[in-house]
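Colleague: Take this structure first; my questions come after.
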Amino acid sequence: MLDNYKKEHPQSVNQYMIVQLDGTITESDDVIYKNIVGENISEIHPFFESIHEALQEKNKRHVFSCIHLTDQNNQTIITDIVVKTFDNDKLPMIVILDLTLHYDNYQTTAQVRNESVINSQILELKNDYLQEKEAFKNAFIANFSHELRDPLTGILTFSDILKKTGLNDEQLNYLKVIDSSSSYLKQLIEDILDISKIEAGKLELVITPFDIRELLEDIKKGFKIKAEQKGLELITNFNNNLPLIVGGDPLRLRQVINNLLENAIKFTEVGTITFNVSLNQIRAQKASIHFQIIDTGIGITEDDVEQIFTSFTQLNKASTYKGAGLGLAIAKHLVSLTDSKISVDSTLGEGSTFSTNINFKLDHNYKLKSKKKTKEIKPKSDKKYSILLVEDSEITQLSILKILASKGNYFLDIVTKGEDVVPRIEQSEFDLILMDIKLPNSYGDEITKLIRKMPDRDHKKTPVIALTARVFKDDLRRYKKAGINDVIKKPFDEDALLSKIEEYLK
């Protein structure tokens with residue numbers, strides 16, 4: 001009688017299967033799924049496509065919990081899946097544990113006791129997956145950026161070289177188009193990297209003293225030209241009582257204002273762009289400054305205001321308004337780092353007003369660094385300097401070769417593989433090393449560590465300058481720890497390269 005009760009009222013049902021490495025079922029006890037010998041395990045349910053890699057590992061036991069399957073009666077069952085592999089030639093075993101009743105009871109009890117605990121556990125289960133997804137995304141963006149920056153470096157370099165040749169007016173106009181497209185592509189790359197930093201929590205403000213009125217006037221000059229090119233008028237009103245020197249992040253402030261002004265000009269076909277900056281108040285060694293940008297453009301509906309600050313969102317799909325939809329998302333985050341926000345007041349068809357209040361530090365001890373006069377970069381002596389370039393990109397190699405050859409004071413030796421660097425240094429003496437960070441099968445910071453461990457003291461002291469697109473704070477710390485002296489960010493132009501080289505060739 002007991003056996004009859006056990007058959008009529010089972011608490012759990014288990015099905016055992018033996019499968020080949022490709023998932024073909026060779027044996028089955030047909031407890032849940034019947035007549036499946038000869039079929040592939042993935043034909044039972046799409047979930048089993050995900051266990052293919054697990055089948056290839058030796059002597060491992062994988063457990064997949066709370067998997068929802070559909071049985072042959074089209075009923076949903078909640079199961080645990082066990083995949084067991086072995087060291088020898090024994091084929092893998094798959095066990096399906098039908099724990100529908102167990103999971104149903106558990107869920108009901110848990111919900112009654114504490115739903116918040118369940119939510120917390122669900123988040124925990126998802127955490128590993130989300131971390132892996134985030135790591136993959138960041139690695140992809142880093143590699144994507146690196147691969148784009150090398151050809152962009154080539155474009156910038158040879159564009160500069162072409163400008164110095166005897167071009168006619170038509171050719172110079174073509175070159176302006178190339179420069180404009182290059183600048184736009186460069187900005188897109190920077191925006192994508194900034195979004196990556198924001199999502200990784202690595203975008204931070206660097207607070208330094210700066211002349212805010214000088215920064216505003218500089219922005220005004222650039223955008224006055226852009227507005228005029230589109231037939232618009234840029235009106236600026238900068239309050240006379242703005243403090244001279246404030247503590248903040250001038251680079252990121254410029255980025256916020258640039259993004260807002262770019263957006264205003266982009267979506268305005270006729271009329272004006274008004275840029276107002278005024279002092280709200282000074283209190284507790286802080287200056288609250290109000291920034292306002294008004295356009296007479298296409299406007300935004302009230303329902304769409306929040307969406308415009310979402311990454312990769314472009315409300316107007318018309319090809320007239322190009323862009324990746326990142327500028328406002330970046331501006332919003334940068335302003336949030338100052339504990340403020342961007343307000344929007346807009347009427348469809350009439351225009352928009354973007355405004356924000358940002359606090360800046362005030363300190364009587366703030367002093368501005370004296371600016372170096374711009375002058376032609378040239379070697380400090382007639383000495384011929386020997387430079388080793390460690391770089392696998394032919395475009396970057398040729399770009400650097402052309403730049404250095406034009407000056408006539410440099411010998412350039414090129415190595416493309418990481419394993420060849422130390423032997424080359426042992427054979428020759430170099431005044432400076434330009435080191436790409438991402439090389440085939442190796443990394444520039446690891447190679448620099450080997451250079452710093454070489455027995456010859458002169459080799460240990462040779463300046464190493466990294467060429468890279470990876471300039472997160474953690475990256476810069478890693479480069480410094482490896483013994484890298486400085487960094488040239490890709491893409492770079494002639495002035496950036498030569499000024500940095502000259503700085504270390506004393």
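Colleague: Per residue of region 260-274, in order, report the coupling 6.51 cos²θ - 1.76 cosθ + 1.60 (Karplus, θ = phi - 60°) as ³J(HN,Hα) in whole Hz, putting x for Gly and Pro.
Modeller: 5, 5, 4, 5, 5, 5, 4, 9, 10, 9, 9, x, 10, 10, 10
Colleague: Roughly how much of residue 500 is accessible, in Å² to the nearest 10, using a 1.4 Å probe?
Modeller: Taking all protein chains as shown, residue 500 has close to 50 Å².
Colleague: On to the next question. Name the residues whose placed amide hydrogens come within less than 5 Å of the amide hydrogen of residue 60, ignoring near sequence neighbours (fewer than 5 apart) on the same chain.
Modeller: The list, which skips near neighbours in sequence, is 85, 86.
Colleague: Which whole-angstrom value gives the distance between the alpha carbon centres of region 248-315 and region 72-98?
Modeller: Distance between centres, Cα-based: 58 Å.
Colleague: Once fully extended, how much extra length lies between residue 84 and residue 161, figured as 0.36 nm per residue of separation less the alpha-carbon to alpha-carbon distance?
Modeller: Details: separation 77, 0.36 × 77 = 27.72 nm, distance 6.35 nm.
Net length gain for the segment: 21.4 nm.
Colleague: When the scattering of region 24-117 is computed by the Debye formula from its Cα atoms alone, each counted once and equally, what is log10 I(q)/I(0) at q = 0.13, 0.15, 0.24 Å⁻¹?
Modeller: Treating every Cα as an identical point scatterer, log10 I(q)/I(0) equals -0.52, -0.66, -1.32.
Colleague: Here is a follow-up. Whole-Hz ³J(HN,Hα) for each residue in region 392-406, computed from phi via Karplus 6.51 cos²θ - 1.76 cosθ + 1.60 with θ = phi - 60°, x for glycine and proline: what do you get?
Modeller: Result, ordered by residue: 9, 7, 5, 5, 5, 4, 5, 4, 5, 4, 5, 5, 6, 5, 5 Hz.
Colleague: With 10 Å bins from zero, work out the P(r) of region 225-292 over every alpha carbon pair and list the percent per bin.
Modeller: Distribution as computed: 18, 44, 28, 9, 1 percent.
Colleague: What does the accessible area of residue 343 come to, in Å² to the nearest 10, when a probe of 1.4 Å is used?
Modeller: Residue 343 exposes around 60 Å² with every protein chain in place.
Colleague: Trypsin sites (Lys or Arg not before Pro), restricted to region 61-111: which are DSSP loop and have at most 14 other Cβ atoms within 10 Å?
Modeller: Details: sites: 61, 84, 90; in loops: 90.
Passing both the DSSP loop test and the Cβ count: 90.
Colleague: Here's a follow-up. Explain nothing, just compute: Karplus ³J(HN,Hα) = 6.51 cos²θ - 1.76 cosθ + 1.60, θ = phi - 60°, for every residue of region 421-429 in order, whole Hz, x for Gly and Pro.
Modeller: 5, 4, x, 5, 5, 5, 7, 9, 9
Colleague: Taking H placed 1.01 Å from N in the peptide plane, check which residues at least 5 places from residue 338 or on another chain put their amide H under 5 Å from its amide H.
Modeller: Excluding prolines and chain starts, which carry no amide H, there are no hits.
Colleague: Using only Cα atoms, locate the centre of region 475-506 and the centre of region 23-53, then give the distance between them in Å, rounded to an integer.
Modeller: So the two Cα centres are separated by 57 Å.
The values are calculated or read from the model by the stated rules, or taken from the named source; none is laboratory data. Predicted model, so just to flag it, every value in this text is computed and none were measured. Ideal geometry is used to build each Cβ from the backbone, glycine not excepted, and the neighbour counts take in all protein chains shown. The accessibility values were calculated without ligands, DNA or RNA, using every heavy atom of the protein model including side chains. Shrake-Rupley method; radii C 1.70, N 1.55, O 1.52, S 1.80 Å.
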